[in-house]
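Below is one structure; the comments refer to it alone.
The values are calculated or read from the model by the stated rules, or taken from the named source; none is laboratory data. Note that the structure is predicted; figures quoted are calculated from it, not measured. Glycine also receives a Cβ, built like all others from the backbone with ideal geometry; neighbour counts cover every protein chain displayed.
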Amino acid sequence: MKLLKFAAMALAAVVLAGPALADKTKLVIATEGAYPPYNFVAADGSLQGFDVDFAKALCVKLDAECEIIKQDWDGMIPGLIAKKYDVIVASMGILPEREEKIDFSIPYYQSPTGLVAAKTAGITVGADGFVDPASLAGKKIGVQRATAYESFAKEKWPKAEVTVYDSSESADLDMTAGRLDARFDDFIVLKTGLLSGDSKDDFERVGKIWGEKDFGSKGEGIGVRKGEKALLEAINKAILDMRADGTYKQINDKYFDFDIYGG
């Protein structure tokens, strides 16, 4: 698909017409497809989840013709820069090191983070209410590669054995197979996965939940290439419009029993 460039005319159209881009823009949107409930591949092979529904609603607001494709997490930012697609909607945290490479929209949700452990692992809570780092010494903790969770775990828990996986789903499989002592990830992912599956009685959340700011993140944002100012402004306005007209709430309530947008 030929990618469209957003010149001054397109920017002027956005300012005058609101979130819709000029001339029925065509956009290719990438998501991971391995991070339920945010994005996953359904039994029929289709991409589903909060991110996917959000991306579809976003395209309606932008009056854009969209194609949503699956992209492995490791190649997400390189693929955008290489123009394999135009937009990333994949629960990507807005971190300083990522902002050096691509631009982000305003946050479209805030991710709660937790640690889920096997009940037999002996991992305990510290005086601050969070997991006790001393109890993680020698424990195997599964995280997804190239995420804030990986860097946080390696920095904060140097005595733990941090095991890195290409996807959250792969880490969960090893956890249920007994090859990990704990999983560190978005708590909604852990709650709808490990804490809801067939082995749920074997696992427990340990300690308090971390917020985005604990990881140096501003929240989860939509990624675009550097310099795509018109597209970025249109996306930001569309997010705010979706919050105002109830579209966001409708999608939110399909997956969560609280407002994930955050403050």
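Residues checked against (1) more than 20 Å from residue 71 (Cβ to Cβ); (2) crowded, with 16+ Cβ neighbours inside 10 Å; (3) in the same structural domain as residue 85 (by TED's automatic domain parsing):
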| site | (1), (2), (3) |
| --- | --- |
| 131 | yes, yes, no |
| 144 | no, yes, no |
| 157 | yes, yes, no |
| 200 | yes, no, no |
| 223 | no, yes, yes |
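Specify which of the listed residues (230, 234) is in contact with a Pro (Cβ under 7 Å, 6 or more places away or on another chain) and crowded, with 17+ Cβ neighbours inside 10 Å.
Working: 230 fails: in contact with a Pro (Cβ under 7 Å, 6 or more places away or on another chain).
None of the others qualify; the one that does is 234.
When you go through 194, 190, 173 one by one, which is the residue that is surrounded by fewer than 23 Cβ atoms within 10 Å (Cβ to Cβ) and either under 20 Å from the mean Cα position of the chain (by Cα) or in a helix (DSSP H, G or I) (or both)?
173
Just to verify a result, which residue in segment 228-263, among those that are in a loop (DSSP other than H, G, I, E, B) and touching a residue at least 24 places away in the same chain (Cβ under 8 Å), is farthest from residue 49 (Cα to Cα)?
228
When residue 185 is evaluated against the numbered criteria (1) surrounded by 23 or more Cβ atoms within 10 Å (Cβ to Cβ); (2) in a loop (DSSP other than H, G, I, E, B); (3) among the acidic types (Asp, Glu), which criterion, by number, is the only one it fails?
(2)
For segment 95-128, which positions are part of a strand (DSSP E or B) and either over 18 Å from residue 185 (Cα atoms) or free of Cβ contacts under 8 Å to residues at least 12 places away in the same chain (or both)?
103, 104 - these are the residues of segment 95-128 that are part of a strand (DSSP E or B) and either over 18 Å from residue 185 (Cα atoms) or free of Cβ contacts under 8 Å to residues at least 12 places away in the same chain (or both).
Filter segment 51-80 down to the residues that are among the β-branched types (Val, Ile, Thr) and farther than 26 Å from residue 169 by Cα and list them by number.
60
With respect to residue 120, determine if the residue is more than 22 Å from residue 225 (Cα to Cα), touching a helix residue (DSSP H, G or I) at 6+ places or on another chain (Cβ under 6 Å) and surrounded by fewer than 18 Cβ atoms within 10 Å (Cβ to Cβ).
So residue 120 fails the test.
Do we have any residue at all in segment 175-189 that's among the small types (Gly, Ala, Ser) and not assigned by TED's automatic domain parsing to the domain that holds residue 142?
No, segment 175-189 contains no residue that is among the small types (Gly, Ala, Ser) and not assigned by TED's automatic domain parsing to the domain that holds residue 142.
Among the candidates 14, 60, 52, single out the residue that is of a type outside the set (Gly, Ala, Ser), under 25 Å from residue 244 (Cα atoms), at pLDDT below 95 and surrounded by 13 or more Cβ atoms within 10 Å (Cβ to Cβ).
14
When you go through (1) outside any strand (DSSP E or B); (2) under 17 Å from residue 215 (Cβ atoms); (3) more than 18 Å from the chain's Cα centre (by Cα); (4) in contact (Cβ under 8 Å) with a residue 24 or more places away in the chain one by one for residue 154, which number turns out not to apply?
(4)
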